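So the structure is just underneath, and the comments pick up after that.
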Amino acid sequence: MKLKLPDGPFKAYLFDCDGTIADSMPLHFIAWNRALSEWGGVFSEDLFYAWGGMPMAEIITTLNEQQGLTMPIPAVMKRTEEIYFEILPDLTAVPEVLEHVEASYGKIPFAVVSGGTREAVTASLTTLKILDKFETLVCAGDYQRGKPDPEPFLIAAKRLGVAPEDCLVFEDADLGIQAAVAAGMATVKIPHPRERLVKVEITANS
């Protein structure tokens, strides 16, 4: 599968991490549900992907409200990341995105803009051996309002010294696309793992 990029030229690439650079969403889904089950919480796969890019604390708060639970936010976040780190050796990159990282590295600056913690994002990029390719990481805790608010992307553009309209955003989540559009940036949508599998099967059978 090839990614179709909008017409440029662009002066910076901004990447979401989970589900965009790192094919980590299946691993995060496992980690979330193992952790939540310890407090009686559940997280459907459809909802998990719909909330892609949402900060962890906000996810837990919303699940508490929806399911009538009082799961402790710091403890659930810590446990979810512990489980994710345990299964991190299974992580792979999204090849279609990695292709653009490798092709444009050194030509224009890159940033990662994520709803995940800095520890998790750094661990993922280190596992993939590409952490050094990014000039800056904008992670949970670096901004007041997360995606779909444009603030995280605007912070990244400011750090790179590039105007928002000159940035191209790679995103897999609808909330992230909304945030990038609100920031005045062009976007390219990365299909979810299930969507990529279907497209590969269609191509193979056509």
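The values are calculated or read from the model by the stated rules, or taken from the named source; none is laboratory data. All of these numbers come straight from a predicted model, not from anything done at the bench. Neighbour counts are summed over all protein chains in view; Cβ atoms, including those assigned to glycine, are modelled from backbone coordinates with ideal geometry. Heavy atoms of the whole protein, side chains included, go into the accessibility calculation; ligands, DNA and RNA do not. Shrake-Rupley method; radii C 1.70, N 1.55, O 1.52, S 1.80 Å.
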Next on the checklist: I'd like to know if the stretch 45-52 contains one or more residues that are open to solvent by 60 Å² or more (accessible area, probe 1.4 Å) and not assigned by the TED database to the domain that holds T122.
Outcome noted: yes
Item to check | Given (1) at pLDDT 95 or above; (2) open to solvent by 50 Å² or more (accessible area, probe 1.4 Å); (3) farther than 30 Å from Y105 by Cβ, number of the condition G41 does not satisfy | outcome: (2)
Checklist entry - Within the bounds of the stretch 73-95, is there any residue that is touching a Lys or Arg at 6+ places or on another chain (Cβ under 9 Å), open to solvent by less than 40 Å² (accessible area, probe 1.4 Å), hydrophobic (A, V, I, L, M, F, W, C) and over 30 Å from A186 (Cα atoms)? => result yes
Checklist entry - Could we say that T20 is touching a residue at least 60 places away in the same chain (Cβ under 8 Å) and surrounded by 13 or more Cβ atoms within 10 Å (Cβ to Cβ) here? => result yes
Checklist entry - From the list L154, L125, L197, L168, which one is modelled with pLDDT of 95 or more and closer than 28 Å to P89 by Cβ? => result L125
Checklist entry - Between residues in the stretch 73-94 that are over 18 Å from P193 (Cα atoms) and of a type outside the set (D, E, K, R) and residues that are open to solvent by 70 Å² or more (accessible area, probe 1.4 Å) and modelled with pLDDT of 95 or more, which pairs lie under 6 Å by C-beta distance while being six or more apart or on different chains? => result I83/R34
Checklist entry - Of (1) touching a Gly at 6+ places or on another chain (Cβ under 9 Å); (2) at pLDDT 95 or above, A31 satisfies all except one. Which? => result (1)
Next on the checklist: I'd like the full set of residues that are part of a helix (DSSP H, G or I), open to solvent by less than 10 Å² (accessible area, probe 1.4 Å) and out of contact with any Ser or Thr (no Cβ under 6 Å at 6 or more places or on another chain), limited to the stretch 138-195.
Outcome noted: P152, F153, A156, A157, G176, A179
Item to check | Breaking point among (1) open to solvent by less than 40 Å² (accessible area, probe 1.4 Å); (2) assigned to a loop (DSSP other than H, G, I, E, B), for K129 | outcome: (1)
Next on the checklist: Restricting to the stretch 100-114, name every residue that is within 26 Å of G146 (Cβ to Cβ) and either part of a strand (DSSP E or B) or open to solvent by 40 Å² or more (accessible area, probe 1.4 Å) (or both).
Outcome noted: I108, F110, A111, V112, V113
